[in-house]
Amino acid sequence: MRRRDFLKALGVTTAAATLDGCRRSVHKLIPYVIPPEDVVPGVAAWYATVCRECPAGCGLLVKTREGRAVKVEGNPAHPVNRGRLCVRGQAALQGLYDPDRIRQPLQKRPSGEFRPVSWEEAERLLVERLADLRHRGRADRIVLVTPLLTGSLDRLVQDWTEALGVGRRIVYEPFAYEALRTASRVAFGRDAIPDYRIETARVLISFGADFLETWLSNVRFARAFAEGIRAVRDGTRVGRFIHIEPRLSLTAANADEWIPVRPGAEAFLALAMIHVILTEGRASPSLPADEVRRLTEFVRPYDPETVAAQTDVPPEQIRRLARLFAEADPGLAIGGGVAGTGSNATATLVAVHLLNYVAGFVGRTVVFGPDFSLGRVSRFSEVCELVAAMEAGQVEALLFLDVNPVFTLPRGLGFESALAKVPLVVALASFMDETTARAHLVLPIHTPLESWGDYEPQVGVHGLLQPVLRPLFRTRAPGDILLAVARSMGEDVASKLPWSDFYTYLRTRWQELHRRLAPDRDFEAFWQDALRQGGVWEAVAPESVRLAPEVFQMKFEPPTLEGPSEGPALLVYPSVHHFDGRGADRPWLQEIPDPVTKVVWDAWVEVHPETARRLGVAMGDVVELASPYGKIELPVYVYEGLRPDVVAVPIGQGHTHYGRYARARGANPIELLSPRPEAVAGGRVWLSVRVRLTKTGRRHLLVSTAARDRQLGRGIAQAVAVGEGRSPERHPPAGTSVPDMYPKHEHPGHRWGMVIDLNACIGCNACVAACYAENNIPVVGKMEVALRREMAWIRVERYFEAVGERPDVRFVPMLCQHCDNAPCESVCPVYATYHNPEGLNAMVYNRCVGTRYCANNCPYKVRRFNWLDPVWPEPLHLQLNPDVTVRSKGVMEKCTFCVQRIQAAKDQAKDEGRPLRDGDVVPACAQTCPTDAIIFGDLNDPESRVARLARDPRGYHVLAELNTRPAVTYLKKVGR
């Protein structure tokens, strides 16, 4: 056999092995960039799919090498995220390779222990029980609980429940935004979550919506925020952002103004603003005169002086906000964040809708039509009804599909005790979480990266999922399980679901989409294009809405908070990393510091310094939080960024199951909340209790990577006032000539450099997670981080310059600066670190003897030493990027500017017979950044984007006085 033929055969064999077990042949998977027949060992293949780490549904491109998925990135063609990802999306690989995944079907013994069973036995057990219920006429006592599903799997589940006669189906999401849907119905007669055009707003007022963290679609909104409100043109900020919430969240930290309103009083502030707009004649001229008259009368009781006493916001500040908003062209008010969702949540969001309507922004920045699919989720009141039915013995079979209500429901609801009364509990799950651990039968399912499917986060966005590798374990697709059960239930059921597998069902459904969107095209061409692109997108026309008469019946009252009247209100907020708890089993998300507190591997309760002094507690003291529904214990994190009459706890930690990385870390604050649904919307009430804090006398080690909260005059994170960004006299360009005692390095070809725009950086940590994934950075654990042995090549430093109504919080991504006069290079005794001809401060790992002189001499403290050999529990080792060496104990490491990507771009340009182009090389951190804050390129090319930005008057070098001549230029934040 000739060598060329041998390599061709090897490539085909590898590709076939990659997909064996996906139940389809290799030609069904169409890589995004390279067709399957060209897949060869050593050459990456990219597959387009959809991220399912949260309901936002961002598009993914997954890099595979020799049958392994080794990196996920955003899909530039997908309209939701346009090529960017958040920190949770970057960690999706660790869900696929989680060492604690369920690997085979399990049946619970009478002793409570699980025993492994075959798929045939598991399906037989399930079919027998379901068939028996149907035979006895009790199919209506079967209940199916799923997360938000859309598209084909959603329709299959619905067809399956109808074919079997299932009693009810609950579509469960912990963050369901019921109040937002209901407020839309009350205000405009449309039960939906509208689209928000943040990118076009010039004044943005957020009533507690954490749109840069977890609200609806955080990656999309972060990009829109950077392109609109935060954009800088001619040295001036384009827009203005005001955040109204009792706590200085990550979103509030990025605001121009933070208004710490009294908990649950946001509705009155919005009504007072409407009052000012109407009484001063600032309403939109498009409003009918009769509506103006009725609205003026409706908000008459909410004048600024009256509302000031209810909100703790001065009357003049209310008037200023109202005038600023009315004069915007256009403005946008948003609300509905989880932390502030109280018993008056619907009324609050009705007030926010009215504020947009009165100013004339509904239809401009608030658009109905391309609605969010989260509007289809079951209401919390329906979950409460299910619990009552379980308690009454009216549920005889309960099937869970990839949900964890035991962890995410309030303990006072009694879900766990009601679950014990259900004779048959079946979990279709990938992980042994708190709900799955209580099942009688566990059927392990594929993760999204192993699955076929589709997902529609908004109307008109049809994302397509495809498996990027063969299933790692003996798992199956949920759709295949449902179809297999239907085939075994008898002809009456099987005839209604005749498809052999879910892949066939999916294609059938997409044939319907094909006939609607592209009837003139061949279906196979349509299907393959959709696979390559990651889906199909259709334009959805906005739908006009008018004010509904029902809105004038709305009553506005303060929230009801149960618990001791003298106690602080409890704010529970979704974690940027762990969301509702589903991200707690990803070690990257545990090790990467929280963006605000910089705490790792833990949970905490945030307490204002005044409250801490009154209680006599300090950082790390353990306190008991008691509400009418339970008690938990957490260490104190003293934090200026919240009102003295509230305490705050992040959601996500406190798992009793869910694997080694999540188990026994902190406490779950959901246990303290009220189980009563909101009266109007039937939604979850997150702002529901006051708590009593009691000092326990114990201490707990809270590990934070933040050495200082202030810059101490070092000028690390610099800022410039609005309008001064174009003043070269006050802000000279980076690289001003300085006398130098060292000979200048010559860079005859390329001089790689980076620009980081502090005005665009929101501190979200996506770049940190991307660097972990790309460069095989090991996780060391809490105690090693406490010893300052963390291994991250890039960190996001956070400095509080001011905390108050005009917060000045600055985020600085800090990585190796690749200095021209690098202090680390001159002290290495074995030349393990050196300066290469393209300006990179390079490392030769097998020369390093671990003296650590370089780390001691680095003023930026960005070098990392391997104190231990890295540990990758099986199968986490499969995530390792083969293009990057895994370092061993005793070796120093640091950022390389993703040198492997530089080389890959050079190779591709050489193969195509052309020079490198600007944008060919994109490091992992720059590629994922949702706000495009990190720009990379060749400084020797004066027309490159990075070179042009490096000459910006806002540019500066960190610690420039040391004359290290960094290759990283920072652009000063533009403040107000």
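The values are calculated or read from the model by the stated rules, or taken from the named source; none is laboratory data. Remember, it's a predicted structure, so these values are computed and weren't measured experimentally. Positions of Cβ are backbone-derived with ideal geometry, glycine not excepted, and every protein chain shown enters the neighbour counts. These area figures cover heavy atoms from the full protein model, side chains too; ligands, DNA and RNA do not enter into them. Shrake-Rupley method; radii C 1.70, N 1.55, O 1.52, S 1.80 Å.
Quick look at the numbers
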item	result
Any strands (runs of 3 or more DSSP E) falling wholly within segment 160-277 and containing at least 2 residues that are under 30 Å from Ala131 (Cβ atoms) and hydrophobic (A, V, I, L, M, F, W, C)	168-171
Single residue of Ile259, Ile277, Ile318 found to be within 23 Å of Asp808 (Cα to Cα) and either outside the structural domain of Asp195 (by the TED database) or over 31 Å from the mean Cα position of the chain (by Cα) (or both)	Ile318
Search result, residues across segment 77-87 that are open to solvent by 10 Å² or more (accessible area, probe 1.4 Å) and either farther than 16 Å from Cys764 by Cβ or out of contact with any Ser or Thr (no Cβ under 9 Å at 6 or more places or on another chain) (or both)	Ala77, Pro79, Arg82
In segment 834-891, residue farthest from Ala707 (Cα to Cα) [restricted to those that are over 35 Å from the mean Cα position of the chain (by Cα) and charged (D, E, K, R)]	Glu838
Any chance Val812 is at pLDDT 95 or above, among the hydrophobic types (A, V, I, L, M, F, W, C) and buried (at least 21 other Cβ atoms within 10 Å of the Cβ)	no
Within segment 397-450, considering residues that are in a helix (DSSP H, G or I) and without any contact (Cβ under 8 Å) to a residue 40 or more places away in the chain, the one most open to solvent (accessible area, probe 1.4 Å)	Glu416
Matching residues, segment 103-112, being touching a residue at least 12 places away in the same chain (Cβ under 8 Å) and open to solvent by 10 Å² or more (accessible area, probe 1.4 Å)	Arg103, Gln104, Leu106, Gln107, Lys108
Only one of Arg115, Arg134 that is open to solvent by 10 Å² or more (accessible area, probe 1.4 Å) and in contact (Cβ under 8 Å) with a residue 12 or more places away in the chain	Arg134
So Val143, is it in the same structural domain as Ser381 (by the TED database), of a type in the set (Val, Ile, Thr) and under 30 Å from Ala679 (Cα atoms)	yes
Extreme residue, least open to solvent (accessible area, probe 1.4 Å), among residues of segment 499-538 that are part of a loop (DSSP other than H, G, I, E, B) and under 16 Å from Gly463 (Cβ atoms)	Gly534
Ala187 touching a residue at least 12 places away in the same chain (Cβ under 8 Å), open to solvent by 10 Å² or more (accessible area, probe 1.4 Å) and over 21 Å from Gly460 (Cβ atoms)	no
Residues that are more than 17 Å from the chain's Cα centre (by Cα) and of a type in the set (Gly, Ala, Ser), drawn from segment 38-78	Gly42, Ala44, Ala45, Ala48, Gly67, Ala69, Ala77
Test: residue in segment 821-834 that is of a type in the set (Val, Ile, Thr), assigned by the TED database to the domain that holds Thr964, outside any loop (DSSP other than H, G, I, E, B) and open to solvent by 30 Å² or more (accessible area, probe 1.4 Å)	yes
Condition met for Arg323 (part of a loop (DSSP other than H, G, I, E, B) and among the basic types (Lys, Arg))	no
Extreme residue, farthest from Asp329 (Cα to Cα), among residues of segment 370-389 that are among the small types (Gly, Ala, Ser) and surrounded by 19 or more Cβ atoms within 10 Å (Cβ to Cβ)	Ser378
Restricting segment 650-663 to residues that are farther than 18 Å from Pro593 by Cα and in a loop (DSSP other than H, G, I, E, B), the residue that is most open to solvent (accessible area, probe 1.4 Å)	Arg660
Unique residue being under 17 Å from the mean Cα position of the chain (by Cα) and either surrounded by 23 or more Cβ atoms within 10 Å (Cβ to Cβ) or among the aliphatic types (A, V, I, L, M) (or both) when the list is Ala231, Ala252	Ala252
Pairs where the first residue, in segment 836-857, is assigned by the TED database to the domain that holds Val899 and the second is open to solvent by 40 Å² or more (accessible area, probe 1.4 Å) and aromatic (Phe, Trp, Tyr), C-beta under 8 Å, 6+ apart	Asn841/Tyr834; Ala842/Tyr834; Val844/Tyr831; Val844/Tyr834; Arg847/Tyr831
Every residue from segment 503-530 that is more than 18 Å from Pro467 (Cα to Cα) and of a type in the set (Phe, Trp, Tyr)	Phe523, Phe526
Selection from segment 594-638 of residues that are in a loop (DSSP other than H, G, I, E, B) and at positive phi	Lys598, Trp601, Gly616, Gly620
Enumeration of residues in segment 936-950 that are in a strand (DSSP E or B) and either open to solvent by 60 Å² or more (accessible area, probe 1.4 Å) or not charged (D, E, K, R) (or both)	Phe936, Gly937
Those residues of segment 951-971 which are in a loop (DSSP other than H, G, I, E, B) and either over 19 Å from Tyr860 (Cβ atoms) or open to solvent by 20 Å² or more (accessible area, probe 1.4 Å) (or both), in sequence order	Arg951, Asp952, Pro953, Arg954, His957, Leu959, Asn963, Arg965
Positions within segment 847-861 being part of a loop (DSSP other than H, G, I, E, B), within 17 Å of Glu790 (Cβ to Cβ) and either touching a Lys or Arg at 6+ places or on another chain (Cβ under 6 Å) or open to solvent by 30 Å² or more (accessible area, probe 1.4 Å) (or both), in sequence order	Arg852, Lys861
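Each row is one residue, and each column tells you yes or no for (1) closer than 25 Å to Phe800 by Cα; (2) modelled with pLDDT of 95 or more; (3) basic (Lys, Arg).
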residue	(1), (2), (3)
Val540	no, no, no
Ser565	no, no, no
Ala569	yes, yes, no
Pro574	yes, yes, no
Ala584	no, yes, no
Tyr629	no, yes, no
